[in-house]
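> Starting off with a structure, shown below.
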Amino acid sequence: MRALERSQVVNAQQATAIPYRQRGDKIEFCLVTSTAGRWIFPKGIIGQRESYVDTASNEALEEAGLHGDIAPKPLGFYEIQKDGQRLTVIALLMKVSQADKDWKESHWRKRRWVSAAKAEKLLAEDDLRDLLKAALGVVSSGHQ
């Protein structure tokens with residue numbers, strides 16, 4: 001994960017939500033399984049007539065059954081290789097207000113609420129762990 005530059009925000013092809021909730025004094029993050037079975041954050045392609053905020057919100061709903069508020073200020077970005085292309089993914093913090101029991105992709109994705117320490121162990125990639133740390137810093141500071 002690197003600091004955002006304006007060109008990356010404008011040119012991002014995918015958006016990911018970093019979903020969290022607070023239970024008492026504990027912060028939990030929501031992870032979902034990828035198509036390959038690795039633990040990730042909900043992520044998807046930004047549609048032509050869709051903002052990155054809308055994409056992050058829609059992917060959290062489709063992939064994890066999550067409702068809530070997406071912070072419009074991005075946490076950061078990372079790049080992935082997909083189908084021989086390098087894609088920029090913009091990451092946004094999501095404060096979850098509701099988690100559905102059943103959701104669109106519940107038949108093939110698992111969802112798991114975990115502490116930041118557990119999420120760090122489960123996440124498949126360094127960039128995702130870096131985003132987790134950034135999210136925890138923002139949530140812990142109360143500036144979400």
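> Length gain on complete extension for the stretch LEU87 to LYS133, per 0.36 nm per residue less the alpha carbon to alpha carbon distance?
Stretched fully, the LEU87-LYS133 segment lengthens by 14.4 nm.
> Report the antiparallel proportion of the DSSP beta bridges in the chain as a percent, rounded to a multiple of 5.
Working: 27 of 35 bridges.
Antiparallel bridges make up about 75 percent of those DSSP assigns within the chain.
> To continue, here is another question. Between LYS118 and ASN11, take the C-beta separation as r, use R0 = 35 Å, and let me know the FRET efficiency to the nearest 0.05.
Once rounded, the FRET efficiency stands at 0.55.
> With a 1.4 Å probe and all protein chains left in place, how much of the accessible area of the stretch 45-130 comes from carbon and sulfur atoms, in whole percent?
Details: 2150 of 5010 Å².
Carbon plus sulfur share of accessible area: 43 percent.
> Right, next: At 0.36 nm per residue, minus the direct Cα-Cα distance, what do GLN48 and ILE80 gain on full extension? Give it in nm, one decimal, please.
Working: separation 32, 0.36 × 32 = 11.52 nm, distance 1.96 nm.
Length difference between fully extended and current span is 9.6 nm.
> Counting helices only, and only those DSSP H runs with n ≥ 4, report the 222 nm mean residue ellipticity of the chain as the sum of -39,500 (n - 2.57) divided by its residues, in deg cm²/dmol to the nearest 500.
-8500 deg cm²/dmol
> Here's a follow-up. Can you list the trypsin sites (Lys or Arg not before Pro) in the stretch 58-102 that are in a DSSP coil and have 16 or fewer other beta carbons within 10 angstrom? The partial results should precede the final answer.
Numbers: sites: LYS82, ARG86, LYS95, LYS101; in loops: LYS101.
Within the stretch 58-102, the qualifying trypsin sites (Lys or Arg not before Pro) (loop, at most 16 other Cβ atoms within 10 Å) are LYS101.
> Between GLN81, GLN98, GLN22, find the one with the highest GNM mean-square fluctuation for the chain; connect C-alpha pairs within less than 10 Å.
Fluctuation is largest for GLN81.
> For the stretch 43-82, what class follows from the C-alpha gyration tensor (a ≥ b ≥ c being the square roots of its eigenvalues): rounded when a/c is under 1.5, otherwise prolate if a/b is larger than b/c, else oblate? Don't skip to the end; give the middle numbers.
Values: a/c = 1.42, a/b = 1.25, b/c = 1.14.
The shape class here is rounded.
> Using the C-alpha gyration tensor of the stretch 35-142, what are the square roots of 5 times its eigenvalues, in whole angstrom, with the largest one first?
In descending order, the three semi-axes are 18, 18, 16 Å.
> Then there is this: Mind giving me the FRET efficiency for ASP25 and LYS73? R0 is 30 Å, r the Cβ-Cβ distance, nearest 0.05 is fine.
0.75
The values are calculated or read from the model by the stated rules, or taken from the named source; none is laboratory data. Since the structure is predicted, the reported quantities are computational estimates derived from the model, not experimental observations. Quick reminder, even Gly has a Cβ in these numbers, built from the backbone with ideal geometry, and neighbours come from all protein chains shown. Ligands, DNA and RNA are excluded from the accessible area calculation, which covers all protein heavy atoms including side chains. Shrake-Rupley method; radii C 1.70, N 1.55, O 1.52, S 1.80 Å.
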